[in-house]
Amino acid sequence: MGRFSLALASLALLACEASIIRMEDGGVDIFVDTGGDTADTAFDPGYDPAADTGIDTIVDTSIDTGTDTSTDPGADPPPTGLCDRWRADRADLSEGTWSGSVSGCNPGDISADGRENALRQVNLFRWMAGLPAVATDAGRNSQSQACALMMHANGDLSHYPPSTWTCYTDPGAEAAGRSNIASGPCVMAVDMYMQDWGNEETLGHRRWILSNGLGPIGIGSTSDYSCMWVLYGSGTDSTAWTAWPPPGDFPIQAVQMSWIHLDETGWTVQSDSIDLNPATVTITDAGTPRPVSVVVLSSGYGSTWAINMIPQGWTAQVGHTYHVELTGISTPITYDVVIVDCA
């Protein structure tokens, strides 16, 4: 499978630091777009999106047209067991069909099955992490679709597309600044966002998907590019901290679900209420220390604080229980991750 590129969003600005995997010059083939546009890195770490009423007002009045209930995942209760839920939600990963075209700059739409499959993956990962499901918003879907068309038409990723771009529109440009963007279709992109290779300083794609404030989101996709609106959500979850992998059973398939494995990009903990920066991390496996390199991640990408714990010289193995401890912080965090096979 070819590699794709991503881009993500920073709470500090209007844009996501949307760079995920394209692996070319900022795209899918080589993970060159590792930090998003330069302006994204200049965000204000003290930014409080709840207090930024001017931006929120614009979003609410211009694009929040209501929940797209056709893709609301709450209609049919999913299986409750981890492996049952994993297999059920991963059974159909088809991308759907794009009805638009670059010729005539027609954004079209992605067929309902493609958008639903992408949303299902977002909510699977949130469920695994103990977070509530989110829905899509019709207005954000529409703008995200215009965003995806622009990326496709120009063969590039940008959170700040210039007005000289082919198929440029203001709604698409707004979505570009508020989305995770990928040089890959929408279902595949969710997996790439969660592995998040090439974003070592932020891991922002993953953190946005696991954010307390996420939702509603927008999903737009062509056959080759996609945009997921993640900024300025109205979610009100107050989970104290969120880990990935989370406590409890965790499928080895989630560790290895892309060409780059979770053990290579790192395990994360994020929080809006606990300063994780001074944390001392210890991971053991049946009492044996498993060394990690700890990286303090930039603030404002889906959470106020976050750290990355990158395994050094070991990989997660089925049947092993990894005991994780974070000490030296106001509220110490301890949990166990049990790697299981959900094939």
Practice prompt. Please name whichever of 328, 283, 340 sits farthest to the positive end of the charge dipole of region 231-343, dipole taken about the Cα centre and charges placed at Cβ: Lys and Arg +1, Asp and Glu -1.
Written response: 328
Worksheet entry | Net charge over other residues, Cβ less than 10 angstrom from the Cβ of residue 145 (K, R count +1; D, E count -1) | +1
Worksheet item: For region 178-305, with every protein chain kept in place, what is the accessible area per residue (1.4 Å probe, Å²)?
Response: 27 Å²
Fill in: Alpha-carbon centroid distance for the pair region 187-257 / region 295-339, whole angstrom
16 Å
Worksheet item: For region 97-208, with the dipole built from +1 on Lys and Arg beta-carbon atoms and -1 on Asp and Glu ones, taken about the Cα centre, which of 168, 205, 104 lies farthest toward the positive end?
Response: 205
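The values are calculated or read from the model by the stated rules, or taken from the named source; none is laboratory data. Worth saying up front: this structure is predicted, and the values here are computed from it rather than measured. As a convention, Cβ positions derive from the backbone with ideal geometry for all residues, glycine included, and neighbour counts pool all protein chains shown. All accessible areas refer to the heavy atoms of the entire protein, side chains included, with ligands and DNA or RNA removed. Shrake-Rupley method; radii C 1.70, N 1.55, O 1.52, S 1.80 Å.
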